[in-house]
Amino acid sequence: MHPIDTVVVALYLLATLGLGLWLARRVHDSEQFFLAGRRLPFWAIGMSLVVSDIGALEMVGGTAGAFEHGISQANFEWIGCVPAMIVGGLLFIPLYWRTGVYSIPEFLGRQYGGGVRALLAVVSVVFMGAALGVFFQASAAMMETVLGWDAWFSIVLTAIVVAVYTVGGGLGAVVITDVIQCIVLFVGGLVLAVVGYQEVGGWEGLTQALDAAGASKQEHLELLPPRVGADGQESGYPWSGVLLGLGLVLSPAYWLGNQAIVQRTLGARDAWHARASMIFGAALKTIVPIAFVLPGLLAVVLLPEIGAENPNGVYGELVKRFLPVGLRGILYAAFLAALMSSVDSYTNSAATLFTRDLYRELWVRGREERHYLRVGRLTSLVLIAFGVAMVPVVASFATLYEAFQSYLSYFQGPTLALILGAVFLRRGGPRAGLLCLVGGIATAAILHARAESIHWLNIAWWSFVVSAALLVMGTWLGEARRPKEETRS
Amino acid sequence: MNFEWLDGLRAPVPGLLHALAWIALAIWALTRPIDSVLEGAPDRRRWRDLRLWVLPLAAIQVALYLLF
């Protein structure tokens with residue numbers, strides 16, 4: 001790495017650490033740690049939502065996915081985010097905010113009881129720990145390709161930097177550093193897209209090169225490819241799975257039920273800011289594919305051999321070959337920003353779930369706020385260590401993005417069914433809730449065991465259908481209407 | 001379970017289906033009551049009407065799914 005790039009990266013890391021440590025001095029109780037004292041404005045939450053979601057995964061795994069499957073990778077940002085964020089902002093998020101809860105399991109626990117709350121919290125914490133492994137693995141792929149750093153050295157370094165400011169500053173530090181990270185990330189990503197676009201000769205150059213690349217690349221500019229392509233191969237993202245699995249199940253479950261997402265909106269200063277944060281985030285999501293999907297398409301033309309050999313190395317190689325010194329440093333900083341924003345978000349949210357929904361609810365009640373603050377900080381540390389330990393597991397997947405989405409599809413269907421039941425049916429108690437959750441996860445696991453024959457997007461759809469059916473059946477078999485919920489003014 | 005029966009639907013049908021879904025979403029957003037949309041807002045200025053934020057987003061998505 002050129003010395004100027006090293007200085008840029010070092011300055012960025014020092015600034016992030018300094019800001020995080022300064023914010024940590026203002027955290028004195030668990031509400032400040034977990035919900036930033038409920039003072040966050042919509043624009044900060046919106047930027048934090050986006051940067052937490054796009055993370056290093058889209059820069060590495062998303063670009064790799066676009067190289068392999070084409071523009072259909074953008075569905076994860078468009079139909080896989082924007083509609084759910086709009087519906088969430090206008091309908092669901094204000095409901096959560098008004099109840100004054102800290103977490104989604106707590107919200108669902110009001111309807112379905114403590115069993116569902118505890119089980120959902122455990123599943124979410126395990127998923128988030130596994131997702132941390134995906135984020136760290138993405139980091140290692142990039143660092144190895146671009147900087148020549150040893151993978152484990154990169155992982156441990158990133159883990160230490162994130163741990164320092166996340167453990168100290170909680171959600172407030174996470175969101176404020178995310179705002180800076182979002183700006184760096186978009187500037188870096190868009191610059192690379194523009195430079196690469198000029199390199200291939202614009203739109204005409206790109207389409208001509210894809211046409212000449214053979215049958216396997218002819219559907220790279222189809223947003224909704226058929227299940228079986230022109231080359232006879234199964235599509236990575238068939239349109240039926242995109243619409244049903246991604247658009248109607250995975251995306252709503254993620255944006256309405258993922259603690260790392262919803263927790264930020266619960267920290268909003270009022271209901272309008274909570275709503276607006278989601279819609280503002282949806283606007284940012286609309287332009288994300290320009291920065292993180294387009295480079296994957298460009299790599300089909302610019303780096304065909306490297307991409308075929310190691311798709312996850314494409315993004316780093318584009319940066320190394322096509323950006324000048326200095327600008328490259330900003331991209332490296334952007335990558336670190338993306339990685340850290342994802343890791344800090346999941347760490348803080350999983351710590352919230354463990355502390356509020358398990359430790360405080362089941363084991364140690366009635367202690368002072370500073371006690372739960374200490375537990376939250378300790379849990380954050382343990383989770384980061386767990387994420388590092390998960391790296392070898394996620395390394396066995398073809399692309400990082402598929403690994404992450406596969407984890408999600410295990411329990412997103414049942415979670416969505418529970419949320420819809422709690423908001424619209426307003427019926428169903430502990431037995432119906434547990435039946436839905438356990439039955440849905442079991443369905444996803446059984447279908448995953450036959451993964452060679454069923455696409456994981458379709459597994460998400462079918463696990464949702466089974467979960468919803470079990471919830472309705474359990475409710476119909478004799479659950480009582482829930483009592484009127486308490487709301488805050 | 002992989003929706004093989006949908007294999008016969010080729011472009012532009014999937015794009016049209018997606019575009020219709022976006023239009024339906026935009027119509028739904030526009031029908032939300034204004035008092036609900038502005039709940040908690042410090043004032044009732046026009047730019048705080050979140051329904052108006054949704055319209056350009058939906059229009060861009062309709063265009064994208066029809067084009068690609």
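The values are calculated or read from the model by the stated rules, or taken from the named source; none is laboratory data. All figures in this text were calculated on a predicted structure; none of them were measured in a lab. Glycine also receives a Cβ, built like all others from the backbone with ideal geometry; neighbour counts cover every protein chain displayed. The accessibility values were calculated without ligands, DNA or RNA, using every heavy atom of the protein model including side chains. Shrake-Rupley method; radii C 1.70, N 1.55, O 1.52, S 1.80 Å.
State which residue pairs qualify: first residue over 14 Å from A:V101 (Cβ atoms) and outside any helix (DSSP H, G or I) and inside the stretch A:335-360, second residue among the basic types (K, R) and at pLDDT below 90 in any location, beta carbons under 7 Å apart, and separation of 6 or more residues or different chains.
Between residues of the stretch A:335-360 that are over 14 Å from A:V101 (Cβ atoms) and outside any helix (DSSP H, G or I) and residues that are among the basic types (K, R) and at pLDDT below 90, there is no close pair.
Looking only at the stretch B:32-55, which residues are surrounded by 10 or more Cβ atoms within 10 Å (Cβ to Cβ) and of a type in the set (A, V, I, L, M, F, W, C)?
Result: B:I34, B:V37, B:L38, B:A41, B:L50, B:L52, B:W53, B:V54, B:L55.
Filter the stretch A:78-102 down to residues that are more than 9 Å from chain B (Cβ to nearest Cβ), closer than 30 Å to A:P289 by Cα and not in a helix (DSSP H, G or I), then give me how many there are.
Here the count works out to 2.
Going through the stretch A:242-298 one residue at a time, which ones are open to solvent by 10 Å² or more (accessible area, probe 1.4 Å) and touching a His at 6+ places or on another chain (Cβ under 9 Å)?
A:L243, A:G247
May I ask you to verify whether A:P41 is surrounded by fewer than 23 Cβ atoms within 10 Å (Cβ to Cβ), of a type outside the set (D, E, K, R) and free of Cβ contacts under 8 Å to residues at least 40 places away in the same chain?
Criteria not met by A:P41.
Looking at the stretch A:248-295 only, could you name the residues that are basic (K, R) and away from chain B (no Cβ under 12 Å)?
Of all residues in the stretch A:248-295, those basic (K, R) come to A:264, A:269, A:275, A:285.
Selection gives A:R264 alone.
Assuming A:L108 fulfils every condition listed in (1) in a helix (DSSP H, G or I); (2) farther than 30 Å from A:G440 by Cβ apart from one, which condition is it?
(2)
Within the stretch A:139-151, does at least one residue satisfy the condition of being modelled with pLDDT of 80 or more and surrounded by fewer than 19 Cβ atoms within 10 Å (Cβ to Cβ)? Give the steps one after another, and end with the answer.
At the first step, the residues of the stretch A:139-151 found to be modelled with pLDDT of 80 or more are A:150-151.
Imposing the further condition that a residue be surrounded by fewer than 19 Cβ atoms within 10 Å (Cβ to Cβ) reduces the set to A:150-151.
Within the stretch A:139-151, one or more residues are modelled with pLDDT of 80 or more and surrounded by fewer than 19 Cβ atoms within 10 Å (Cβ to Cβ).
Evaluate the following for A:S72: is it part of a helix (DSSP H, G or I), open to solvent by less than 30 Å² (accessible area, probe 1.4 Å) and within 14 Å of chain B (Cβ to nearest Cβ)?
Considered against the rule, which asks whether it is part of a helix (DSSP H, G or I), open to solvent by less than 30 Å² (accessible area, probe 1.4 Å) and within 14 Å of chain B (Cβ to nearest Cβ), A:S72 comes out as yes.
On the given criteria, is B:L57 under 16 Å from A:I279 (Cα atoms), of a type in the set (A, V, I, L, M) and in a helix (DSSP H, G or I)? Talk me through it step by step, then tell me what you get.
Details: under 16 Å from A:I279 (Cα atoms): yes; of a type in the set (A, V, I, L, M): yes; in a helix (DSSP H, G or I): yes.
Against the criterion (under 16 Å from A:I279 (Cα atoms), of a type in the set (A, V, I, L, M) and in a helix (DSSP H, G or I)), B:L57 qualifies.
Which condition does A:Y197 not pass, out of (1) away from chain B (no Cβ under 13 Å); (2) within 26 Å of A:W461 (Cβ to Cβ); (3) at pLDDT 90 or above, if it passes all the others?
Here A:Y197 meets the rest and fails (2).
List pairs: first residue in the stretch B:55-68 and at the interface with chain A (Cβ under 8 Å from one of its Cβ atoms) and closer than 14 Å to B:G15 by Cβ, second residue open to solvent by 50 Å² or more (accessible area, probe 1.4 Å) and not in a helix (DSSP H, G or I) anywhere in the structure, Cβ distance under 7 angstrom, at least six positions apart or on different chains.
Final answer for the pair search is B:F68/A:E222.
Tally time: how many residues in the stretch B:40-68 are aliphatic (A, V, I, L, M) and touching a Lys or Arg at 6+ places or on another chain (Cβ under 8 Å)? Spell out how you get there, then give the answer.
To start, the set of residues in the stretch B:40-68 that are aliphatic (A, V, I, L, M) comprises B:41, B:50, B:52, B:54-55, B:57-60, B:62-64, B:66-67.
When the remaining residues are screened for being touching a Lys or Arg at 6+ places or on another chain (Cβ under 8 Å), the result is B:41, B:50, B:52.
Count: 3.
The rows are residues; the columns are (1) surrounded by 20 or more Cβ atoms within 10 Å (Cβ to Cβ); (2) at pLDDT below 85.
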position	(1), (2)
A:S349	yes, no
A:F354	yes, no
A:L362	no, no
A:R367	no, no
A:R370	no, no
A:V388	no, no
A:A395	no, yes
A:F404	yes, yes
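Quick check on this structure: which one of B:P12, B:P33 is at the interface with chain A (Cβ under 10 Å from one of its Cβ atoms) and modelled with pLDDT under 95? Break it down stepwise before answering.
Values: B:P33 fails: at the interface with chain A (Cβ under 10 Å from one of its Cβ atoms).
On inspection, the qualifying residue turns out to be B:P12.
Touching a residue at least 24 places away in the same chain (Cβ under 8 Å), more than 30 Å from A:V393 (Cα to Cα) and more than 14 Å from chain B (Cβ to nearest Cβ) - does that describe any residue in the stretch A:151-166?
No.
Assess whether A:L434 counts as being open to solvent by less than 70 Å² (accessible area, probe 1.4 Å) and modelled with pLDDT of 80 or more.
Considered against the rule, which asks whether it is open to solvent by less than 70 Å² (accessible area, probe 1.4 Å) and modelled with pLDDT of 80 or more, A:L434 comes out as yes.
What number of residues within the stretch A:299-333 satisfy the criterion of being part of a helix (DSSP H, G or I), open to solvent by 10 Å² or more (accessible area, probe 1.4 Å) and not polar (S, T, N, Q)? Reasoning before the result, please.
First pass over the stretch A:299-333, keeping only residues part of a helix (DSSP H, G or I): A:299-302, A:304-309, A:311-322, A:327-333.
Within this subset, residues satisfying the condition of being open to solvent by 10 Å² or more (accessible area, probe 1.4 Å) are A:300-302, A:304-306, A:308-309, A:311-312, A:317, A:320-322, A:327-328, A:330, A:332.
Adding the requirement that they be not polar (S, T, N, Q) leaves A:300-302, A:304-306, A:308-309, A:311, A:317, A:320-322, A:327-328, A:330, A:332.
Residues that pass the stated criteria total 17.
If you scan the stretch A:20-38, which residues turn out to be crowded, with 17+ Cβ neighbours inside 10 Å, part of a helix (DSSP H, G or I) and at negative phi?
Within the stretch A:20-38, A:G20, A:L23, A:A24, A:S30, A:E31, A:Q32, A:F33, A:F34, A:L35 qualify.
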